[in-house]
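The values are calculated or read from the model by the stated rules, or taken from the named source; none is laboratory data. Owing to the predicted nature of the structure, the values given are computational and were not obtained by experimental measurement. Heads up, the Cβs are rebuilt from the backbone with ideal geometry, glycines too, and the neighbour counts pull from every protein chain shown.
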Amino acid sequence: MSESSTAQQQDILRPEVKEFFEEDTNTFSYVVKDPQSDACAIIDSVLNFDMASGGVDYQSADEIIAWVKDNNLKLEWIIETHVHADHLTAAPYIQSKLGGKIGIGEKVITVQETFKKIFNYKDEFQADGQQFDHLFKENEHYNIGNLDAYPIHTPGHTPACMTHVIGDAAFVGDTLFMPDAGTARADFAGGDANVLFQSIQKILELPEQTRVFMCHDYGTEERKDLAFETTVAAERDSNIHVNKSVAQEQFVEMRTKRDKTLGMPHLILPSLQVNMRAGHFPEAEDNQVIYLKLPIDALS
């Protein structure tokens, strides 16, 4: 690394990162704090949802809220790395307690257009991103206190996926897993293994000491303990699916074959309907009950 690159890297602030784990969906959420102020952001929160009963619980969100309050932090952003298909976001609930702006990548509109058709929503749902407070554009700089942050558009898993680079940390959503676990699937509507490979190259081009934070981890046969943090260098050198020695054609062949063996996440249908609304449920019907749709064979 050149002297100028080293100096530039030294100028980058190192955010304080606190992880929270939701066991039912194996999801890591994060509070990211500016080390020079009380400003923070929350990334990829979880609303506890029981598929069998339709029951909603706020335990996971309340843990985050309590931590933010206990540390006297000011919430500025509630960030979604993408429209999650495996858990429901708690963004509106957290916003009602702590404030902050709910943000997601601008390509959420593509996801909304796709699933508006699948769920046969009419004029009651507008596929224009208006449900969110802010739609991030690629490389758009924003601040968390004194922290400089920007998103990188990293589609392939979904069209709206973004990796948020905050100081010396990158929050990759579902695009990458720990080096011994590989990469995200690319077989959802709008997913593409070729695009995913190219997106991952953007992440691997970040400075090698950049900390990389996972949205999910499931362990491996060899590693029983869950993990949530690695580095760009470790991903570049040893990711089992997409390290520096893997060609794009090899990756696409592997990813396509592997994806055919995977079942759909068990919360995909409620998650998509709620998350593309920025975490809001549909309006209650005339009996004051909220309903989500269960389309038959639409995603099989």
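Every listed requirement among (1) in a helix (DSSP H, G or I); (2) surrounded by 15 or more Cβ atoms within 10 Å (Cβ to Cβ) is met by Glu249 save one, (2). The condition of being in contact (Cβ under 8 Å) with a residue 60 or more places away in the chain, more than 21 Å from Phe132 (Cα to Cα) and among the charged types (D, E, K, R) holds for only one of Asp34, Asp44, that being Asp34. Restricting Lys101, Lys137, Lys107 to those that are among the basic types (Lys, Arg) and within 27 Å of Val246 (Cβ to Cβ) reduces the list to Lys107.
Quick one: which of Arg223, Arg277 is buried (at least 17 other Cβ atoms within 10 Å of the Cβ) and in a loop (DSSP other than H, G, I, E, B)?
Arg277
Name the one entry in Ile43, Ile78, Ile65 that is under 16 Å from Phe21 (Cα atoms), among the aliphatic types (A, V, I, L, M) and touching a Lys or Arg at 6+ places or on another chain (Cβ under 8 Å). Unique residue meeting the criteria: Ile65.
Quick test for you: out of Ala184, Ala127, Ala170, Ala160, pick the one residue that is in contact with a helix residue (DSSP H, G or I) (Cβ under 8 Å, 6 or more places away or on another chain), under 19 Å from Met254 (Cβ atoms) and touching a residue at least 12 places away in the same chain (Cβ under 8 Å).
Values: Ala127 fails: under 19 Å from Met254 (Cβ atoms); Ala170 fails: under 19 Å from Met254 (Cβ atoms); Ala160 fails: under 19 Å from Met254 (Cβ atoms).
Going through Ala184, Ala127, Ala170, Ala160 in turn, just one is in contact with a helix residue (DSSP H, G or I) (Cβ under 8 Å, 6 or more places away or on another chain), under 19 Å from Met254 (Cβ atoms) and touching a residue at least 12 places away in the same chain (Cβ under 8 Å): Ala184.
Kindly indicate the residue of the range 101-110 that is of a type in the set (A, V, I, L, M, F, W, C) and within 14 Å of the chain's Cα centre (by Cα) and also surrounded by the fewest Cβ atoms within 10 Å (Cβ to Cβ) among those meeting that condition. If we take residues in the range 101-110 being of a type in the set (A, V, I, L, M, F, W, C) and within 14 Å of the chain's Cα centre (by Cα), then Ile102 is surrounded by the fewest Cβ atoms within 10 Å (Cβ to Cβ). Sub-6 Å Cβ pairs linking a first residue in the range 240-264 that is over 30 Å from Leu294 (Cβ atoms) to a second residue that is of a type in the set (Lys, Arg), at least 6 apart or interchain, are Lys244/Arg236, ordered by first then second residue. The set of residues in the range 23-67 that are surrounded by fewer than 22 Cβ atoms within 10 Å (Cβ to Cβ) and of a type in the set (D, E, K, R) comprises Glu23, Asp24, Asp38, Asp50, Asp57, Asp62, Glu63. For Arg255, the requirement of being in contact with a His (Cβ under 9 Å, 6 or more places away or on another chain) and not in a loop (DSSP other than H, G, I, E, B) is met. For the range 70-100, enumerate the residues that are surrounded by 16 or more Cβ atoms within 10 Å (Cβ to Cβ), of a type in the set (D, E, K, R) and not in a loop (DSSP other than H, G, I, E, B). Residues satisfying the conditions are Lys74, Glu76, Lys97.
Only a single criterion out of (1) within 30 Å of Gln36 (Cα to Cα); (2) in contact (Cβ under 8 Å) with a residue 40 or more places away in the chain; (3) of a type outside the set (Asp, Glu) is not satisfied by Tyr150, namely (2). As a summary of the residue check, Glu23 satisfies the conditions (1) touching an Asp or Glu at 6+ places or on another chain (Cβ under 8 Å); (2) over 29 Å from His141 (Cβ atoms) except for the one numbered (1).
Identify all residues within the range 226-239 that are in a loop (DSSP other than H, G, I, E, B) and either over 17 Å from Ile166 (Cβ atoms) or among the charged types (D, E, K, R) (or both); write none if there are none.
Taking the range 226-239 first, the residues in a loop (DSSP other than H, G, I, E, B) are 226-228, 239.
Leu226, Ala227, Asn239 - these are the residues of the range 226-239 that are in a loop (DSSP other than H, G, I, E, B) and either over 17 Å from Ile166 (Cβ atoms) or among the charged types (D, E, K, R) (or both).
Among the residues of the range 227-239, those identified as in contact (Cβ under 8 Å) with a residue 40 or more places away in the chain, surrounded by 15 or more Cβ atoms within 10 Å (Cβ to Cβ) and either under 22 Å from His153 (Cβ atoms) or more than 18 Å from the chain's Cα centre (by Cα) (or both) are Thr230, Val232, Ala234, Glu235, Asn239. All conditions in (1) part of a loop (DSSP other than H, G, I, E, B); (2) of a type in the set (S, T, N, Q); (3) at pLDDT below 95 hold for Ser4, with the sole exception of (1).
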